Each structure stands twice: as structure tokens, then as C-alpha cells.
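Here's the structure, in C-alpha cells; my notes come after.
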Amino acid sequence: MTQFNLDISRGACEIVIEGGVLEHIGKWVQSIGTPPVVVICSDTTVASMYFDQVAASLQNAGVHALLHTIEPGDESKNINELTRIYDCLADARCPRDGLLLALGGGVVSDLTGFAAATWMRGIDYITCPTTLEADVDAAIGGKTAVNHTSGKNLIGAFHHARLIVVDPQCLRTLPARDISSGLAESVKHALIADSDFLDWHERLASSILAVEPATMAELVERNMRIKANVVEQDEKEHGLRAILNFGHTIGHAIESWFSYGLRHGEAVSIGMAAAAFISREEGLLAEPQLRRIRSLLQQFALPIKAPHPFDLEEVHQLTYGDKKVKAGKRLWVLLNGLGETVITDKVSDSLVREAIQLCQP
């Protein structure tokens, strides 16, 4: 078992990584105080696999849990589904000391967290991520949100989980495409913060793709520690934390244009390839380093181009809807070599369009 804290303004968020931990989640809920009401939010697929064991563990700890489900997929991350969670909380008469428990991937984590942030002006929640993407990114850091028709994650709040419980055994049930999608965020963390971790990805690529338990447990822990370190220094993204958005500006725009037909990690992978290209054009990244990034993404079955043609100008305009736009200027996270970044608003429109054009199939 690995256990460490994310130290934030409201107090420590405890992180637990252990194979089989969902079978005794009840004791971890008790560790932060027995709530009068627990509502588990999950999607229908994940609930069919894990709800019974989670509910049984909670029951053994003297906690009765209710289940609220959504349909899988990013289409469920919207205001209507948020309202359905509020309705469930109202029916359960969930008080301010009630608890929400997110059981699922990034969509469930973001949606549940935002419901917790806004129900009665904020109640506690726990997240139990079941996908690699959620393990290494969505579950940690307190960013909660739903999508708007004009862009991804535009309606949200910072609200940290009280407890994050990761069971790497859940990864064994994931399709290969979901593993690849999660690996995009792992490669991102290596690129922005730890070049040795990038070497590790290349050295252990076959073990990673085989989802070998020891390798995946190390991958999850190293990612969570990298992100925790960044979040502790800049909890609400006033500066440093923006580096976690490497690849996301163009990635989110392409993801939105395809109406979320791409997995988030796939869109981020395309966006990282584009941002790495911009980094090279700005003289920050060497050509061999760019080739190395593209090669690793492709080795993990991640795309560096969109699956179908798209309207270049529409995608370009979508980048201006990014949350990092300030005073009408986009802030770009670029690589300054491998493992380091710079943030700039000086990238020209012509270079951005060239990078987006390279994303065409």
C-alpha cells in the first residue's frame, strides 16, 4: 500500500493506492468520519462491476449507501445530469455533513466533484477512480466541472476530495483504448516535469501496454506525486499549475469540434504533438526530441493526427474559448527541452494555424 497527502488550503487530502482497496473502502470512509448519508455516483458500466463490493464494505462499516448512475461517456458531463444528482441528494435529504463518493472515470469524478462543490455550498466527497485517466489526472487536484456547448469544463469550481482511493486492479478490466487514453496524461506529466520518467516510459513500454500490476502501480504513484507537487504549489492555477494544460489548448478544441467522439486522452495526445511542434518552431525543442515524443505517443497507440478532416478555422477559433485565455490572448504551455516548460502568450496565429493543420489526417 502507498499512502501520502496532498496538502492544500482546506487541509490534507489523503491518497491511498492499494490493490483490492475497494473491498475495504468502508474503513477509509470511517477514517474521515461516518457520514449520515452516502450517495455513490457512478456510470452504469462501472456500477455493474464494483457497486456491490463497495456497498457491502460500507455496510460492514455501518454506512448505508445509495446509488446514482449516469450513462458512460463525456456526453453525460452536463448541467442536466448535474441536476439529476441534485435531485438524488434532495430525495436522500443529504445534509451538509453528507458525503458523495465518485466511483468511475474522469467524467464521474468531475461531475460528482462539482455536485459536491455546489450542494449546500459545498459538502465532502471521496473519489475512487477506476480508469487510468482518472487515476493519474482527473481524480487529483480539485478541478471539478461540467461541459458547456461552447467548450469543455467551462462551468466548474475548485473543490478537493477529502480522500482519493485508487485500486490499480481496476485497470485489468479496461479496454486497450482506455489504457492508451490514460497514458497520454502520464506522458504529459513526464514531458513537463520529469525527463527520467519519460525514459521510464520508453524502457518499460511493453510492461505498461501489458498492464503489469507492479508497473502500473508505480506509474500511477509517480503520476499522482508529480501532480500533487504542482497542485500544492499553485492550488487554483494562478501560475505554475497551468503547465498541467500542456497539449490541452488545441486538444480541447479538436475534442470539442468532434463533439467528444474522441477520448480525452486521444485529443490531448494530438494537442501535445501540436504543442511540441510549436515548441520546436519557437526554438525551444530540438527536432530529435520532437520525433521522440511523437514516437512514444504512437507506441502507446495514441494519435498524433485527428481521425477525420476538420474545419481548420473553426478549430482555431475554438482555441480562443480555452480557459487560459487572458485579455484576449491565449497562454501556451510549451516544452523547453524535455521535462521543463515555459508559458507564453507570444505564439503567432500563423504558427498556431500551421500546428493545427498538421493535426489533419
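The values are calculated or read from the model by the stated rules, or taken from the named source; none is laboratory data. Owing to the predicted nature of the structure, the values given are computational and were not obtained by experimental measurement. Neighbour counts are summed over all protein chains in view; Cβ atoms, including those assigned to glycine, are modelled from backbone coordinates with ideal geometry. The accessibility values were calculated without ligands, DNA or RNA, using every heavy atom of the protein model including side chains. Shrake-Rupley method; radii C 1.70, N 1.55, O 1.52, S 1.80 Å.
A few comments on the model shown:
- Percent of C-alpha pairs per 10 Å bin in the stretch 54-181, short distances first: 13, 45, 35, 7, 0.
- Dividing the radius of gyration of the alpha carbons in the stretch 1-53 by their Kirkwood radius gives 1.00 for Rg/Rh.
- Amide hydrogen proximity for Val166: with H placed 1.01 Å from N in the peptide plane, the residues at 5 or more positions away or on another chain lying under 5 Å are Val16, Ile17, Glu18.
- The residues of the chain expose on average 39 square angstrom of accessible surface per residue, using a 1.4 Å probe on protein heavy atoms.
- Portion, in percent, of the accessible area of the stretch 266-325 that falls on carbon or sulfur, probe 1.4 Å: 51
- Cut-off 14 Å, label 7 Å out along Cα→Cβ of Asp97, residues of the stretch 35-57 by amide N: 35-38
- With N the number of residues in the stretch 146-283, Rg(Cα) / (2.2 N^0.38 Å) evaluates to 1.09.
- Relative frequency of Cα-Cα separations exceeding 14 Å in the stretch 149-200, percent: 73
- Antiparallel DSSP beta bridges within the chain, percent to nearest 5: 45
- Estimated distance in nm for a label pair at Asn229 and Gln360, the labels positioned 7 Å out from Cα along Cα-to-Cβ: 4.1
- For the pair Leu209 and Lys329, a Förster radius of 35 Å applied to the C-beta separation gives a FRET efficiency near 0.35, rounded to the nearest 0.05.
- Label-point separation, Asn336 to Glu202 (7 Å along Cα→Cβ), nm: 2.2
- For the chain, relative contact order (Cα pairs under 8 Å, six or more residues apart, normalised by length) works out to 14 percent.
- Applying D = kT/(6 pi eta Rh) to the chain, where Rh is the Kirkwood radius over alpha-carbon pairs, T corresponds to 4 °C and eta to 1.567 mPa s, the Stokes-Einstein value obtained is 63 µm²/s.
- Helix 287-299 vs. the chain, principal-axis angle (Cα, 0 to 90°, nearest 10): 40
- Whole-number D in µm²/s for the stretch 177-248 (Stokes-Einstein; Kirkwood sum over Cα pairs; 4 °C, 1.567 mPa s): 102
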